[in-house]
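First the structure, in the form of structure tokens, and then the observations on it.
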Amino acid sequence: MTLITALSVLGVLALIFGLILGFAAVRFRVESDPIVDQIDALLPQTQCGQCGYPGCRPYAEAIANGDDINKCPPGGETTIKNLSELMGVEAKPLDAAHGQEDVKKVAVIREDECIGCTKCIQACPVDAILGAAKQMHTVIAHECTGCDLCVEPCPVDCIDMVPVPVRPENWQWDLQQIPVRVVESSN
Amino acid sequence: MSAATKAIEAGHIWTFPGGIHPPERKELSNQSAIRQLPLAPHYHVPVKQHSGAPGDLLVQVGDKVKAGQALTQVGVNNGLPVHAPTSGTVTAIGAGIIAHPSGLADTIITITADGDDSATTLAPIADYTAVSRAELLERIKQAGIAGLGGAGFPTAQKLALQRPLDYLIINGVECEPYISADDRLMREHAQTIIDGTEILLHLAACEKALIAIEANKPEAISAFEALLHEHPKLALRVVPVKYPSGGEKQLIQLLTGRQVPSRGLPIDVGLVMQNVGTAYAVAQAVVQGKPLIERVVTVTGENVEQPGNYWVRLGTPVDYLLEQCGFKPEPEQRVIMGGPMMGFTLADLSVPVVKITNCILVPSSQELAPAQDEMACIRCGACADVCPAQLLPQQMVWLAKAKDYDGLEKQNLFDCIECGACAYVCPSEIPLVHYYRKAKAEIRNIAREKAKAEVARERFEARQERLEREKEERLERHRKAAEARKKAQAEAVEKGGDNPQDAVQAAIARAKARKAAQAAAAADKKTEGDDA
């Protein structure tokens, strides 16, 4: 009889605690950032495809599934360092097979040469080119990620990738680079 | 009334940590009255002279303009207008070197003076209490007034924040060595500054203004003392001589004992601050309808023959200004815009005087030695002792050299006011502020890139979604078209018409029959041949 009482008391207790735990699991569920989103947030969002995937998010998914973290030339050293910290793997130098780290660039269409074929519009991953069939196209400079993807499809080669100009707002205080003109002595 | 408020009312002066006492050298320029600079042949007016976006252009090359005529308007970016400094013709609009440490170019409107100096003004507002607050703010904005103390924040924007205020502080401290522009303005135009202060008080819906002047300006102090008894809402506060007492956060601490929170604004502690020059400009804009086209600039240093203060039209090229003051450059002469502590060396002397230019300093190499080579930090800690923001300068330099931007933000890099006190006392000649500015620029750039990446992601995802949707819509269209075709056929059959399917079957049958007939004919021919 004692045995049965003990077993039933323990059983009831187990049931109650089970219910509490079950309730807590549902009620206090931690909505953690899925790893793909975290990786995606570290990538530069150029959408250039130099990593071999059609955009930053697909590459983020690939990294989450164990791909190398050193395939992103636009992100360069900084992105590799951040990814290695997030993924807990060793930082490797950039894989040269995917390209070199370069200065930030922006696409510019030489507008008088554009024939209005819309091929670059279809290639642009962020819809930063404006235009219509047989009309001149132009790049919305501040939306352009400098991914280079519009250059190849252009049949008349009228797209240039130019480095982003340095303006007083984004200047880096490189005092050594200022061409200081020495004022000549008058005497 | 709390004890703290009582102390403020009683005129108690608190103190702030750190600070330095560099040689003042103000006597070089503050001995003579403000002189009027003769008209220059050309003026270069940058469209952006304040912090924020530039206004939209109103003029074209070839346009005739009058002094005070707006060259840009507020526009879509909510910029601040700039005005023609004199009458003449717009001869160029294009890139030109601006008054910025980078020596980079920005849009500049060049005006060739006609010598008449005929002016246009806005309608004077005789009684500012009779017009609405919005109208007054609009006037201050249209007059192009930005903070003349140094940062160039649009004044109307600062006043538009409607939060309960305890005090308006008028900053006449001018603590940086050499500069005496505010000092002379206060001595000669105390009444106009007081008028401006009353307007600012009215706009800020505030009961009391504190006018702060550093103790080394006895003439300015007595000029105000003589006038203030008629103005019960205004009180004078004399602060002890120490650099940087004129810093916004430092002066607030001196006058009220309050500390502006990290990354916060004075309005967070119930205060707002304006420079004496700004108060003067506000009075001019409201009472006389004069837009901001000139300001007092101190031209000083041992390598100018007539150091002093000048009324300089905005847009006057620095080389013209120096020429008028007897510029006698020595080899490798440096020309500094601003003071010796916070100013910057000009890359080119063709740059114009702008709204925030308070001083042009032309030092000889004896009075201001050129920058020495940086030596190793000896960990003396002098920089930490003088930092008015109680930061750890040497720690921040190490972090800046290591590009540890997270670490720098943890050390509150953005509380640094770049006063230069740490670099001034450093025995190893380390240009500490330079490292901070570089790190700040880099951190801001990273934040900008991040924001841009976020936009690019959204656009990429929106495009993917659109392509997916278009594909589905296309398939859906094809499916619907096929269905409609089938339906039309079925209806046609029902009505007793020809089923297109029957026609196909008939055609196939015809083709089969023709083939069969051909085969039969060939067989017949063969038989005939055999027979023959």
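The values are calculated or read from the model by the stated rules, or taken from the named source; none is laboratory data. All values derive from a computational prediction rather than experimental measurement. Note that each Cβ is placed from the backbone with ideal geometry, even for glycine, and that neighbours are counted across all protein chains shown.
Of a type outside the set (Phe, Trp, Tyr), free of Cβ contacts under 8 Å to residues at least 60 places away in the same chain and out of contact with any helix residue (DSSP H, G or I) (no Cβ under 6 Å at 6 or more places or on another chain), is that true of B:GLU305? Judged against the criteria, B:GLU305 is a match.
When A:GLN122 is tested against (1) more than 11 Å from chain B (Cβ to nearest Cβ); (2) within 24 Å of B:ALA462 (Cα to Cα); (3) part of a helix (DSSP H, G or I); (4) out of contact with any strand residue (DSSP E or B) (no Cβ under 8 Å at 6 or more places or on another chain), only condition (1) is not met.
What about B:GLU302, is it surrounded by fewer than 20 Cβ atoms within 10 Å (Cβ to Cβ) and more than 12 Å from every other protein chain (Cβ to nearest Cβ)? It is true that B:GLU302 is surrounded by fewer than 20 Cβ atoms within 10 Å (Cβ to Cβ) and more than 12 Å from every other protein chain (Cβ to nearest Cβ).
Of the residues examined, B:LYS6 is not one that is touching a residue at least 24 places away in the same chain (Cβ under 8 Å) and among the basic types (Lys, Arg).
Only residues that are under 19 Å from the mean Cα position of the chain (by Cα) and either among the acidic types (Asp, Glu) or at pLDDT 95 or above (or both) were counted in the stretch B:47-67, giving 1.
No other residue among B:GLN366, B:GLN390 is away from every other protein chain (no Cβ under 14 Å), on the phi > 0 side of the Ramachandran plot and surrounded by fewer than 16 Cβ atoms within 10 Å (Cβ to Cβ) apart from B:GLN390.
The residues of the stretch B:310-333 that are more than 9 Å from every other protein chain (Cβ to nearest Cβ) and in a loop (DSSP other than H, G, I, E, B), listed by number, are B:LEU314, B:GLY315, B:THR316, B:CYS325, B:GLY326.
Return yes or no: is A:ALA60 more than 14 Å from every other protein chain (Cβ to nearest Cβ) and either small (Gly, Ala, Ser) or out of contact with any helix residue (DSSP H, G or I) (no Cβ under 8 Å at 6 or more places or on another chain) (or both)? Criteria not met by A:ALA60.
Considering the stretch B:68-98, the residues that are surrounded by fewer than 22 Cβ atoms within 10 Å (Cβ to Cβ) and in contact with a helix residue (DSSP H, G or I) (Cβ under 8 Å, 6 or more places away or on another chain) include one that is modelled with the lowest pLDDT, namely B:VAL74. When you check A:ASP160 against the structure, is it exposed (fewer than 14 other Cβ atoms within 10 Å of the Cβ), among the acidic types (Asp, Glu) and either assigned to a strand (DSSP E or B) or more than 8 Å from every other protein chain (Cβ to nearest Cβ) (or both), yes or no? Considered against the rule, which asks whether it is exposed (fewer than 14 other Cβ atoms within 10 Å of the Cβ), among the acidic types (Asp, Glu) and either assigned to a strand (DSSP E or B) or more than 8 Å from every other protein chain (Cβ to nearest Cβ) (or both), A:ASP160 comes out as yes. Once the stretch A:40-57 is narrowed to residues that are among the small types (Gly, Ala, Ser) and within 13 Å of B:ALA453 (Cβ to Cβ), the residue that is farthest from the other protein chains (Cβ to nearest Cβ) is A:ALA41.
For B:ALA488, the conditions (1) over 30 Å from A:CYS48 (Cα atoms); (2) small (Gly, Ala, Ser); (3) within 48 Å of the chain's Cα centre (by Cα) all hold with the exception of (3). Taking the condition within 19 Å of B:MET341 (Cα to Cα), among the hydroxyl-bearing types (Ser, Thr, Tyr) and buried (at least 22 other Cβ atoms within 10 Å of the Cβ), does B:TYR424 pass? Here the answer is no, as B:TYR424 does not meet what is asked.
Just one residue in the set B:SER118, B:SER132, B:SER102, B:SER87 is within 14 Å of another protein chain (Cβ to nearest Cβ) and either under 28 Å from the mean Cα position of the chain (by Cα) or of a type outside the set (Phe, Trp, Tyr) (or both); that residue is B:SER102. With respect to the stated conditions, B:PRO427 fails to be facing chain A (nearest Cβ under 9 Å), over 20 Å from the mean Cα position of the chain (by Cα) and farther than 16 Å from A:GLU143 by Cβ. Taking the listed residues A:GLY66, A:GLY76, A:GLY18, A:GLY52, the one that is touching a residue at least 40 places away in the same chain (Cβ under 8 Å) and of a type outside the set (Lys, Arg) is A:GLY52, with no other qualifying.
List the number of the failed condition for B:ILE98; all other conditions in (1) closer than 21 Å to B:LEU321 by Cα; (2) in the same structural domain as B:THR155 (by TED's automatic domain parsing); (3) hydrophobic (A, V, I, L, M, F, W, C) hold. Tallying (1) closer than 21 Å to B:LEU321 by Cα; (2) in the same structural domain as B:THR155 (by TED's automatic domain parsing); (3) hydrophobic (A, V, I, L, M, F, W, C), B:ILE98 fails exactly one: (2). Every residue in the stretch A:125-143 that is away from chain B (no Cβ under 11 Å) and either part of a helix (DSSP H, G or I) or buried (at least 18 other Cβ atoms within 10 Å of the Cβ) (or both), please. A:ILE129, A:GLY131, A:HIS137, A:VAL139, A:ALA141, listed by residue number. Is it true that B:ALA441 is in a helix (DSSP H, G or I) and away from chain A (no Cβ under 14 Å)? In short, no. With respect to the conditions (1) more than 28 Å from B:ALA421 (Cα to Cα); (2) touching a residue at least 60 places away in the same chain (Cβ under 8 Å), B:GLN274 falls short on a single one, namely (1).
Among residues that are in contact with a Gly (Cβ under 8 Å, 6 or more places away or on another chain), part of a loop (DSSP other than H, G, I, E, B) and either more than 11 Å from chain B (Cβ to nearest Cβ) or not hydrophobic (A, V, I, L, M, F, W, C) (or both), A:GLN100 is not included. Can you name the residue in the stretch B:255-293 that is among the small types (Gly, Ala, Ser) and buried (at least 17 other Cβ atoms within 10 Å of the Cβ) and is also farthest from B:ALA84 (Cα to Cα) among such residues? It comes out as B:ALA279. Exactly one residue among B:LYS515, B:LYS471, B:LYS450 is part of a helix (DSSP H, G or I), charged (D, E, K, R) and either touching a residue at least 12 places away in the same chain (Cβ under 8 Å) or more than 14 Å from every other protein chain (Cβ to nearest Cβ) (or both), and that residue is B:LYS515. Residues in the stretch B:32-82 that are more than 20 Å from B:VAL353 (Cα to Cα) and of a type in the set (Lys, Arg): B:LYS64 alone.
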